[in-house]
Amino acid sequence: AYVLMLCEKDDDNIRGAMEVFRIHEDAARGGHARPLELGVHIHDDALRERFMEHKIFRNQEDAVEVKVFSAPDTVARLLLRKHPLEVDAAGGQAERAHLLVVGFDGLGQAIAREALFTSHYANLQKLKLTVVDRGLKEGEALFRYRYPGLEHVCEVTFQECEVNSANFDQLEILNQQPPKGEKLTVALCLGDDMLNFSTALKISSLVKSHDAGDSVKILFKAHDNRGVARLLYIPGNAPSSQSPPIIPF
């Protein structure tokens with residue numbers, strides 16, 4: 001009744017999906033076919049869109065229902081559902097939501113995209129989005145090309161910077177008191193868990209120095225709860241009550 005294609009390479013998932021579809025179609029000839037739900041994981045955004053234009057999606061008479069999904073998109077959706085950008089430390093509605101994404105690979109882009117899709121707030125304020133990464137020019141150009149309405153739904157800033165540099169430590173967003181009523185959420189999506197964690201600690205120290213801890217939340221990507229995420233529970237690493245919360249996801 002259900003088939004999931006979860007290979008590491010998109011090409012293998014698509015090839016496998018087409019084969020499943022062919023086998024099911026052949027088996028159904030001459031009789032009533034049992035409905036089949038086919039889930040296909042595709043990492044590449046552009047490829048996912050092209051695949052969804054295939055005839056197996058348009059044909060409503062066959063017995064195969066194809067669903068395409070992306071792990072980063074799922075993670076982003078669950079993350080922002082659990083940690084709403086507009087909810088402040090006291091559980092109330094912040095006057096303004098600001099998202100800082102550090103690392104703009106597939107996951108970083110998915111979190112930014114999900115935030116843009118869901119940032120329709122009761123106070124009618126646009127989302128503030130800041131993206132920081134090294135070699136960001138190509139990623140920025142592609143993101144703007146895919147979402148030409150970007151400037152209409154948020155105030156966006158792309159800043160090319162290496163996290164292990166003095167320029168990062170001097171970023172204005174981390175070295176000034178946020179405007180009154182603004183909630184800043186930091187999403188660390190760098191490729192290495194330890195780099196995410198060490199950057200989270202650095203950001204925590206920077207924002208604590210100008211007493212902005214209660215208006216900041218820091219989320220960092222970890223592959224599981226057994227590795228880097230456990231470092232938070234070591235005495236000395238856990239943030240104090242004056243520091244912003246550091247939360248692995």
Task: Flag if I111 is over 30 Å from I246 (Cβ atoms), open to solvent by less than 50 Å² (accessible area, probe 1.4 Å) and part of a helix (DSSP H, G or I) - done: no
Task: Test for K183: is it surrounded by 19 or more Cβ atoms within 10 Å (Cβ to Cβ) and not in a loop (DSSP other than H, G, I, E, B) - done: yes
Open item on the list: Which numbered condition in (1) free of Cβ contacts under 8 Å to residues at least 24 places away in the same chain; (2) in contact with a Cys (Cβ under 8 Å, 6 or more places away or on another chain) is the only one that F104 fails?
Closed with: (1)
Open item on the list: Let me confirm something: among P178, P148, which residue is open to solvent by less than 30 Å² (accessible area, probe 1.4 Å) and in a loop (DSSP other than H, G, I, E, B)?
Closed with: P178
- [ ] Please work out if A89 is open to solvent by 30 Å² or more (accessible area, probe 1.4 Å), of a type in the set (G, A, S), under 30 Å from A200 (Cβ atoms) and in contact (Cβ under 8 Å) with a residue 40 or more places away in the chain.
- [x] yes
Open item on the list: Given the condition farther than 18 Å from F117 by Cα, touching a strand residue (DSSP E or B) at 6+ places or on another chain (Cβ under 8 Å), of a type in the set (A, V, I, L, M, F, W, C) and touching a residue at least 24 places away in the same chain (Cβ under 8 Å), answer yes or no: does some residue in the range 141-152 qualify?
Closed with: no
- [ ] Of the numbered conditions (1) of a type in the set (D, E, K, R); (2) assigned to a helix (DSSP H, G or I); (3) open to solvent by 60 Å² or more (accessible area, probe 1.4 Å), E155 fails exactly one; give the number of that condition.
- [x] (2)
Open item on the list: Of all residues being touching a Ser or Thr at 6+ places or on another chain (Cβ under 7 Å) and open to solvent by 10 Å² or more (accessible area, probe 1.4 Å) in the range 205-221, which is modelled with the highest pLDDT? Just the residue, please.
Closed with: K217
Open item on the list: Can you say whether L142 is open to solvent by 50 Å² or more (accessible area, probe 1.4 Å), assigned to a helix (DSSP H, G or I) and farther than 14 Å from K183 by Cβ, as far as the supplied structure shows?
Closed with: yes
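Condition check ((1) in a strand (DSSP E or B); (2) modelled with pLDDT of 95 or more) across all residues:
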| site | (1), (2) |
| --- | --- |
| V68 | yes, no |
| T74 | no, no |
| L80 | no, yes |
| A97 | yes, no |
| Q125 | no, no |
| E138 | no, no |
- [ ] Could you tell me whether the range 228-249 includes any residue that is among the aliphatic types (A, V, I, L, M) and modelled with pLDDT of 85 or more?
- [x] yes
Open item on the list: Give me the helices (runs of 4 or more DSSP H) completely within the range 1-66, filtered to those with at least 2 residues that are open to solvent by 50 Å² or more (accessible area, probe 1.4 Å) and modelled with pLDDT of 85 or more, ordered by residue number.
Closed with: 10-28
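The values are calculated or read from the model by the stated rules, or taken from the named source; none is laboratory data. These numbers were taken from a predicted model, which means no experiment stands behind them. Using ideal geometry, Cβ is built from the backbone for each residue, glycine included, and neighbour counts are taken over all protein chains shown. To get the accessible areas, we keep the full protein, side chains included, count just its heavy atoms, and leave off ligands, DNA and RNA. Shrake-Rupley method; radii C 1.70, N 1.55, O 1.52, S 1.80 Å.
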